[in-house]
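We did not get these values from a lab; they are worked out from the coordinates using the rules stated. Please read all numbers here as calculations on a predicted model, not as lab measurements. In this analysis, Cβ positions are derived from the backbone assuming ideal geometry, glycine residues included, and neighbour counts consider all displayed protein chains.
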Amino acid sequence: MTSGTTTRFRRLIFVLTACATTVTTAFMPAAAADTGRPARDLFGEVTLPNQALPHPYGFYAKGCQAGAVAIPTDGPTWQAMRPSRNRRWGQPQMISLIERLSADVAQKDGWPGLLIGDISQPRGGPMKNGHASHQIGLDADIWLTPMPSRTLTRTEREDMPMVSLLQKDKFLTVDPKRWTAAHARLIMRAASYPQVERIFVNPAIKKKLCESWTGDRSDLGKVRPMYGHDSHFHIRIHCPAGATTCKPQAPVTAGDGCDKSLAWWFTKEPWAKPKADPDKPAKPVKPRFTMLSDLPKACTGVLMDQAVSSQAAATFGGANAATTVADVSSENEDDAPAVAPATIDLPGDVPVPLSRPSKP
Ligand SMILES: [Zn+2]
């Protein structure tokens, strides 16, 4: 059998599986039928990905993912943190990029390995806490703490505090005792891959890179200043080639970004409290949650589809995952910490506090 025939055969199997599941409502998670509840509750309750080819549906901050795979909790050059959150799921392109980055930085950049934060939920979608984006399996958070030489225990992975690289007593200033040249190499290595669309870091970290990075600056423009992101950074990759169900983000503006757009973060404007409008007395606003009907139609199917048999079966590098990944490559040929109130879903492409301008 040629590889093309094999691929078509595999695709047929998936199609048959998908058809079977749409009529077998017995497999429908109970939560999926309850469309009166916020999407973040429905997606937050599903513990395994659906059985399907990998597809991101929608936008980074409004969508879901099919056929997700998990990064193994441990690899030669990474350890996944906060396992209880069950957010180490992404599109195969995202997972393989993290593995590649971890190997590259360990080999070339004096960074022993990655501590991996949130990627996405098993079927993506909005989350109960922590992020506005990370919904389609193409965003990942990486700690700005190097991986220790020993394997962390499960308790340590849950409880180990994230350490800010900023000085506590100064406005938007990187702490020179914590910041190292290896931090800069790590971030710039991540920005260097063509599939990486944007990197989010704290404005103070972006400023530090602008002032100190002496290597190739052509990828510096991808590194975008954002609230938070002082103890981790965020990697966003492009919609995979051929993924027509994925909505791309407007490209970053040309140049290294060490300009007025960065200087704005060091003014009072982004940090000022929103002014009350004297003509409109403040009323408590009832938060409007993202509902399943706000997401692409396909997300309802993603939520209701039959699950894969186990986490192991969908872990990147496992037997089933290898099939999925092979299919994807042949077919294509070729976030933010909880700065916002955790109970409100935010619109927009990046997590931004309410009532604050979202310039970047
Ligand atoms: Zn993030």
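The table that follows gives values for the structure above.
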| quantity | calculated |
| --- | --- |
| Members of region 81-107 found to be among the β-branched types (V, I, T) and more than 15 Å from the chain's Cα centre (by Cα), listed by number | V105 |
| Scan of region 126-143 for residues that are more than 11 Å from the ligand (Cβ to nearest atom), buried (at least 24 other Cβ atoms within 10 Å of the Cβ) and over 11 Å from the mean Cα position of the chain (by Cα), ordered by number | P126 |
| Residues being farther than 18 Å from T253 by Cβ, away from the ligand (no atom under 16 Å from the Cβ) and out of contact with any Ser or Thr (no Cβ under 8 Å at 6 or more places or on another chain) - total across region 195-211 | 3 |
| Only listed residue being within 16 Å of the ligand (Cβ to nearest atom) and polar (S, T, N, Q), chosen from S231, S192, S218 | S231 |
| Top-ranked residue of region 201-223 - restricted to ones that are out of contact with any Pro (no Cβ under 7 Å at 6 or more places or on another chain) and basic (K, R), ranked as surrounded by the most Cβ atoms within 10 Å (Cβ to Cβ) | K222 |
| Subset of region 71-95 [surrounded by 20 or more Cβ atoms within 10 Å (Cβ to Cβ) and not in a loop (DSSP other than H, G, I, E, B)] | W78, Q79, A80, W89, G90, P92, Q93, M94, I95 |
| Region 232-291, residues that are among the β-branched types (V, I, T) and part of a loop (DSSP other than H, G, I, E, B) | T244, T245, V252, T253, T267, V285, T290 |
| Sole exception among (1) under 24 Å from M147 (Cα atoms); (2) crowded, with 17+ Cβ neighbours inside 10 Å for L262, by number | (1) |
| Residues of region 215-260 satisfying the condition of being out of contact with any Gly (no Cβ under 9 Å at 6 or more places or on another chain) and among the polar types (S, T, N, Q) | S218, S231, T244, Q249 |
